Every structure is written in C-alpha cells, then in structure tokens.
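Undergrad: Here's a structure for you.
All of the numbers you see were taken from the coordinates with simple rules; none came from a lab. A quick note: this is a predicted structure, and the numbers were derived from the prediction, not measured. Glycine gets a Cβ as well: all are built from the backbone with ideal geometry, and neighbour counts include every protein chain shown.
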Amino acid sequence: MLFFSVYVNAASASSTQCLTSLHGRGPRRRVHRGEESLERTRLKFSLQGGKVTALCLQEGEQVWALNIKRALLSMLQTSRMASKQQLEKETDVYGTCTSRTAGLVKTQTVSTLLLLRAQPGSPSGADSLDVGVFTDLQFEDEGAARPGKAQASTPLQASQTVRMLCSLTSDPQLVAQEFLQLVFQLRDLTLSQLKTLWQEASFKCRNDWQPLLDALPACGSENCILLLTDLMRSKELEEEQAYAFLTTIALIPHPSPQIINSINSFIPLLKHFMLGHSAPLELRLAAIQAFRRFPCSADRSVLLQLYRSSQEDPEVRIAAYQQLMRCPDQDVFEVVKTTLRSETSSQVGSYVWSHLTNVLRSEDPVKQSLIESLPDDIISRDFEAEFLKYSSYF
C-alpha cells in the first residue's frame, strides 16, 4: 500500500507567480534511480485560492517525473481555502472520492474512491513503516532567490545545444532531453543575444529539422516572442511555422505589455484579409469578427467600406454590419439609413431590416441606450420577406 503525508509550511494564495514548490522525499534505506529523479528538482507552481494555476518547470526535469508530480498536485489542490471544516467530493487522477478540508489541511479518504479502490489504512510514521513506501511532500515559500543558483545560460551554450540536437536524431529520448535544455537556455537570453543566435544557429539539420525555430515558441519568454514577431514581419517564417507561433501566443497566460505591443503590429493584416477577394470566405469572416475584441475607439472605416459595397459577398456585408452595430454612432446610423434605402441585396436588406425592427421593438434594458440613439427614420425601406428564404436577425 502506498501512503502519502502532506505538510504545508507556507502557501501563496494570491500571487500569480510560481512562488510555491512541491518537493518529494522518499525512504533513505533504499535509493533507486527513479527516486533520485523525483527528488532531484522541486516543481514550482502558483497556488491561488486552493487551485494550482501555473507550473514553472525546472531545468533538468524529466517528463515522467513531472507527470508524477502533476498527479500529486491534482490531489492536493482544493476548491477553496476553507475557514472551517468542509466535506465535498472531488475528482483527480485517482478517481472521485470524499475530501475533508479545514484551513490548509486536506484529507482524502482513499477507501471511498470510485475509480480506484484501496484498503482502509493510515500512515503510522516514516521510520516504522515496513510495508510500502512513505513519501513526504512539503510546500515551501520560495519568493526569494535561492542561494547557489546556476549562472544564466549564454548564446554559445545554446548554439552548442542546437548542434548537439542535430547529431542526436537517432536517440529520441536524448533529443527530448536536450530540446528541453535548449528551451531553458533561450529563456535566459536577451533579445539582442537571441537575434545573434538566430543568425548563427537557425540552420536545418540533415533531416530538415530546425531545432532553434521549434524551441522559440516553446520558450515563451518575452524576448522569444519579440524575436518571433520580428521574424514573422520580415517573412522569414513559413506558413506552418507562423501558424504555430500564433497558436503559441494565444496560450501565453500573462502576456506583458511589450508582447501585446509587438502583436499589435499584425493588426493591419486584418484589413488585408478583409478586403482581399482571393482569401477564402471563412478567413475574411474571421478577420471581420476579430473586431468584436477591439475597443470602440479603433478605426472601423474598413467595415463601413465593406458594408456599403454592393459588389461584396452578402455574408461579408452582414458580418461587417454586425461589428459596426457593436459601437454605433451617428455616422454609422447615417450610412445604414442611406445604404438601406438603395439596397440591392435581398439577403443584406432583410437582415438589416429585421435587426433594426427587433431592436426598436425590444424591451431589453441592455438595448435601451441603442434604441434611444437610433434615428426615427433609420428604417428607410421595408424588407419584410419570408424568413426561411432570406437572412434575418432573431
């Protein structure tokens, strides 16, 4: 039987940084290679309101060891920092069982597991336990820098790792280990050092693999993202590489203002896709719908241009109208009234007419400000038609 004892020394409940760590200590009488790997590094994580919200991997951590620590963390997190004793059912990697939470102490009744059964029992102590393995888990506050931390990596070390990766293609396990090492090395480099490294080590291996390019998105640091945006602007990235980079940006948990400013340089591309008739319709619609996240102060002249153009696809015109009406003003109302009066598309005219009609008839308090701002003569032409045949707003 396997027992776990959990001791909480300090926990950060409000910080978004990884200031808490998980450290495992096994029995001292039998030392195995697996135990050494588990005990070698601490897993830093962010604990907020009893939930583990972020993990900060340590250099040299093996994947299998990390997965074991993830499993332990899933058992330790609670739904809230309880002020009094509470009983509730929780689901983790071991199944669904009853948990008793009191302050920072959490106890799980293993015998109540629904997916994994265990015999009732309780740990009697680390030294007197004869059967099984006793593991001690400790939470420690690590807000301050630990003494003896290794020096920051250099561009030369990263360049050597890239070359080593090209020579280790026959050993997948070693390749994965060295690739993770490269990711940690990149996080220590400044933007100027990364640019120099890119000039020296952006080559492809014999199998056409580009280790440095794959490691930059995985790096995720501010400097790595800034370098990737520069490479994308200068068209040094292929289409698949650019797509992978944009996907990485969406997964950054706490982007800095510098990262956001660098990404803003791609906004003009939206206008290019919106007006480009050679682009697929789905891409044009996605570019238009991106305006839903923009503030009302953003320039929306391209939306007016698309909506007024009778030569445009009806779906594009309707999508442009939808985004315009998110931040309407008197200029937008005037364009809508003028365009509706001379509308040649039954699809667009029917949708705009049904939308305005529904808004004016609505008693929704959220729409009252829009209703009050609409001109009395904005519906300059009726487009009442079969709703199954033409586009309509409901």
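Undergrad: Cβ neighbours within 10 Å, averaged per peptide: list 309-317, 164-172 in order, most packed at the top.
TA: On the way: 309-317: 16.7, 164-172: 13.9.
Highest mean packing first, the order is 309-317, 164-172.
Undergrad: I would also like to ask the following. Applying a 10 Å radius around every beta-carbon, put 248-257, 336-345 in order of their mean neighbour count, most first.
TA: Working: 248-257: 11.9, 336-345: 16.4.
The densest-packed peptide leads the list: 336-345, 248-257.
Undergrad: Compute the Rg/Rh shape ratio of segment 155-264: radius of gyration over Kirkwood radius, all on alpha-carbon atoms.
TA: Numbers: Rg = 13.5 Å, Rh = 14.2 Å.
We get a ratio of 0.95 for segment 155-264.
Undergrad: Given the peptides 285-291, 268-274, arrange them by the average over their residues of other C-beta atoms within 10 Å, most packed first.
TA: Working: 285-291: 18.1, 268-274: 14.7.
The peptides rank, most packed first, as 285-291, 268-274.
Undergrad: So, one more: Express the relative contact order of segment 268-373 as a whole percentage, based on alpha carbon pairs under 8 Å and six or more residues apart in sequence.
TA: Values: 74 pairs, mean separation 20.9, N = 106.
Once divided by the residue count of segment 268-373, the mean separation gives 20 percent.
Undergrad: Dividing the convex hull volume of the Cα atoms of segment 245-327 by its residue count, what figure in Å³ per residue is obtained? Please report the intermediate quantities before stating the final value.
TA: On the way: hull volume 8.7 nm³, N = 83.
Convex hull of Cα atoms, per residue: 105 Å³.
Undergrad: What is the set of long-range amide H partners of S99 at a cut-off below 5 Å, with H atoms built 1.01 Å from backbone N?
TA: Under 5 Å from the amide H of S99 lie the amide H atoms of E88, K89, E90, each far enough along the sequence or on another chain.
Undergrad: Run the dipole for segment 268-373 about the Cα centre, Lys and Arg Cβ at +1, Asp and Glu Cβ at -1, nothing else charged, and hand back the magnitude in debye, nearest 20. Kindly include the intermediate steps, with their values, before the conclusion.
TA: On the way: 12 positive and 12 negative charges, 27 e Å.
Rounded to the nearest 20 debye, it is 120 debye.
Undergrad: A further question on this structure: From the residues P314, M325, T338, which one has its Cα farthest along the dipole of segment 281-355 in the positive direction, the dipole being from +1 and -1 charges on Cβ of Lys/Arg and Asp/Glu about the Cα centre?
TA: M325
Undergrad: Need one number: the % of Cα-Cα pairs in segment 268-373 sitting beyond the 19 Å mark.
TA: Working: 2433 of 5565 pairs.
So the portion of pairs separated by more than 19 Å is 44 percent.
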